[in-house]
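**Q** Here it is, the structure, as structure tokens.
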Amino acid sequence: MYESAVAPQSETLRVQQELAHQLELTRNITENVAEGLCLMDSGGRLTYINPAAEQLLGWTQEELLGRKLHEAVHYLHPDGSPFPMETCPLGLTLRDGTHIRDRDDVWIRKGGEFVDVSVTCTPIVKDGAIVGSVLSLHETTEQKRAAEALRQAKDEAERANQAKSEFLAAMSHELRTPLNAIAGYLDLLHLGIHGPVTDAQSQALVRIKRNQEHLLTLINDILNFARVEAGHIEFAIAPIAVDELLAGLGPMVEGQAQARGLAYTFERCDPSLRASGDPSRVRQILLNLVGNATKFTEPGGWIVVWCEASDEAVRIFVRDNGAGIPPARQAAIFDPFVQGERRLDRPAEGVGLGLAISRDLARGMSGELSVQSAPGEGSTFCLRLPYAAQP
């Protein structure tokens, strides 16, 4: 009988010791965790606050115990206007059991200083009734300052980029005007309007005209790039008869290719194939691709243009058997002011804007421009465009 009485007492002692251990463990966790923790009863009165919350808010547990937490740390809006408990989102937790998760808020320290915090508030429910809530919070002042600094830096960078684009556009426009006038006077001189022109003078005028045209091309590239960067390019999207557009490239590029000793070939497409895009912009991209192939392919080489219809898009290809592009350079050639450097014996003409402009134009038409290349094996550029909508 004695043994039967001792057994329940031993079990009770074991349970009490286990409970004391769990309480001590919980206390150690709550008092050492970096997150601020507060417990409130059903009336919003504080029943517990851990050291992290005390440090954040400037209050001690003795000062807040039994006080309504809202009246101590959440009674004003950041603009100084009153913040009634009835309209406080945290009050919803006590009124109807709403769970508040990582809510950005502004609380008030003991000295009246506002502090940015992130708050999570969860109801404590017993027998179906809300008997209190547990609240966790941490300061977000530095995160908000960093986010604001990042936003300001982004805005400043965008303004600087906009100013750069506007400057380039204005500069290019001002330079084009006298260059066009020079071209006109060169033509008049060549026609002999101011007297007979000797062969030597004629050759000199041709060289001047060639350099004038080259400079004008560079300026036009800068102007187009500035327009793209500033978002001033408008697209007249329409169905494009791909075969017809590619066939029209021949007369525009064959002379340049032949002058370089290159064979230019166009492989006909399905006449019914229709892509969606701005015909003039697509033509601009392709002329740039063929022009690059002409510059970077040695005499005796070839250029081929063709198209394919895949399940998701129309693909137009421009391939050459030039020097090729090293893999490490292939992504960079689409960056502004970067040249492909496929010719090692002489610098390429231009300022490295053609491919950057072409890629942006392709993307402006919901397309893409890519390249496959290897040194010594030439390059294949692919312009991908969406299909035109069926009528």
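The values are calculated or read from the model by the stated rules, or taken from the named source; none is laboratory data. This one's a predicted model, so the numbers in the text were calculated from it and none came from an experiment. A quick note on method: Cβ atoms are made from the backbone with ideal geometry, for glycine too, and the neighbour counts reach across all protein chains shown.
**Q** Tell me, please, whether a residue that is surrounded by 13 or more Cβ atoms within 10 Å (Cβ to Cβ) and either of a type in the set (D, E) or within 30 Å of A309 (Cβ to Cβ) (or both) can be found in the range 156-175. Before the answer, list the steps.
**A** Initially, the range 156-175 is screened for residues surrounded by 13 or more Cβ atoms within 10 Å (Cβ to Cβ), giving 162, 164-166, 168-169, 171-172, 175.
Imposing the further condition that a residue be either of a type in the set (D, E) or within 30 Å of A309 (Cβ to Cβ) (or both) reduces the set to 166.
Scanning the range 156-175 turns up at least one residue that is surrounded by 13 or more Cβ atoms within 10 Å (Cβ to Cβ) and either of a type in the set (D, E) or within 30 Å of A309 (Cβ to Cβ) (or both).
**Q** Pairs needed: first member in the range 323-336, assigned by TED's automatic domain parsing to the domain that holds G378; second member anywhere, charged (D, E, K, R) and assigned to a helix (DSSP H, G or I); C-beta distance under 7 Å; at least 6 residues apart or different chains.
**A** Once the first residue is assigned by TED's automatic domain parsing to the domain that holds G378 and sits in the range 323-336, its partners that are charged (D, E, K, R) and assigned to a helix (DSSP H, G or I) give F334/R359.
**Q** From the residues in the range 282-326 that are touching a helix residue (DSSP H, G or I) at 6+ places or on another chain (Cβ under 7 Å) and assigned to a loop (DSSP other than H, G, I, E, B), which one is surrounded by the most Cβ atoms within 10 Å (Cβ to Cβ)?
**A** G322
Every residue, every condition in (1) more than 48 Å from the chain's Cα centre (by Cα); (2) under 22 Å from K126 (Cβ atoms); (3) modelled with pLDDT under 90; (4) outside the structural domain of R109 (by TED's automatic domain parsing), yes or no:
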site	(1), (2), (3), (4)
L13	yes, no, yes, yes
L46	no, yes, no, no
L57	no, no, no, no
P84	no, no, yes, no
T93	no, yes, yes, no
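**Q** Name the strands (runs of 3 or more DSSP E) wholly inside the range 65-152 in which the number of residues that are surrounded by fewer than 13 Cβ atoms within 10 Å (Cβ to Cβ) and of a type in the set (A, V, I, L, M) is 1 or more.
**A** Details: elements: 100-108, 114-126, 129-139.
By residue number, 114-126, 129-139.
**Q** Here's another thing I want to ask about it. Sort through S133, S81, S118 and tell me the only one that's among the polar types (S, T, N, Q) and within 21 Å of T47 (Cβ to Cβ).
**A** Numbers: S81 fails: within 21 Å of T47 (Cβ to Cβ); S118 fails: within 21 Å of T47 (Cβ to Cβ).
Just one listed residue meets the conditions, S133.
One line per residue, one yes/no per condition, for (1) in a loop (DSSP other than H, G, I, E, B); (2) out of contact with any Pro (no Cβ under 7 Å at 6 or more places or on another chain); (3) modelled with pLDDT of 85 or more; (4) not assigned by TED's automatic domain parsing to the domain that holds V318:
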{"position": "N211", "(1), (2), (3), (4)": "no, yes, no, yes"}
{"position": "L245", "(1), (2), (3), (4)": "no, no, yes, no"}
{"position": "G255", "(1), (2), (3), (4)": "no, yes, yes, no"}
{"position": "C269", "(1), (2), (3), (4)": "yes, yes, yes, no"}
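**Q** Which ones in the range 179-238 are more than 32 Å from the chain's Cα centre (by Cα), of a type in the set (K, R) and surrounded by 11 or more Cβ atoms within 10 Å (Cβ to Cβ)?
**A** K209, the sole residue that qualifies.
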